[in-house]
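One structure below.
The values are calculated or read from the model by the stated rules, or taken from the named source; none is laboratory data. Every value quoted in this text rests on a predicted model; they were computed, and no experiment measured them. What goes into the accessible areas is simple: the full protein's heavy atoms, side chains included, and nothing from ligands, DNA or RNA. Shrake-Rupley method; radii C 1.70, N 1.55, O 1.52, S 1.80 Å.
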Amino acid sequence: MRFLRFIPFVFLLVDACVDPLQLDLSSASARIVVDGMITNEPGPYRVKLIYSSNLENSLRLPTPITGASVWIISSLNQSELLTETTPGIYESSPVGIQGQVGVSYHIKIITAGTEYQSTPQEMVSAGTIDSVYPIFSANEIDDGVGEPLDAFNIYIDSHGNEGDPNLYRWRWT
């Protein structure tokens with residue numbers, strides 16, 4: 001009998017729905033996206049310039065920014081104008097500017113008559129990697145179609161230098 005009293009509440013919960021949130025994202029204008037870095041290893045360094053796209057166009061390839069002037073500038077008054085090697089990809093010379101720990105760098109971009117500059121960032125030492133190791137994980141990947149797949153999770157134990165901001169960028173190819 002007690003169970004019958006809860007049936008209306010169950011129907012109320014099942015019948016409740018959530019209205020989808022409609023966001024007007026199409027009005028956002030394209031923004032410049034800059035992807036690049038400088039290290040204390042020899043170049044060439046690469047900077048990729050593309051325009052952002054709205055979510056409705058996320059399946060399209062990004063639009064490269066061509067014909068821009070791109071410089072890497074150091075706090076030691078060194079600078080290098082990068083060369084556009086392919087549409088939207090700008091590279092330094094292999095024997096050009098090279099990063100040094102303790103020196104600040106920023107990028108300057110001029111495109112379509114507009115100038116952009118990043119905030120100078122000091123290059124700090126990368127710290128050390130103590131160990132790299134994989135851990136097996138059964139049924140880690142579920143593609144929603146077939147059987148779950150096994151995987152290896154890759155872990156890195158590392159530490160930075162005391163007093164540094166310990167900002168890291170790991171790239172996997």
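Observations
- For segment 26-172, the solvent-accessible area works out to 70 Å² per residue, with a probe of 1.4 Å and every protein chain left in place.
- In this entry, segment 37-128 is assigned a mean projected area of 7.5 nm², taken as a quarter of its C-alpha convex hull surface.
- Sorted from longest to shortest, the spans of the Cα atoms of segment 117-173 along the three principal axes equal 49, 32, 18 Å.
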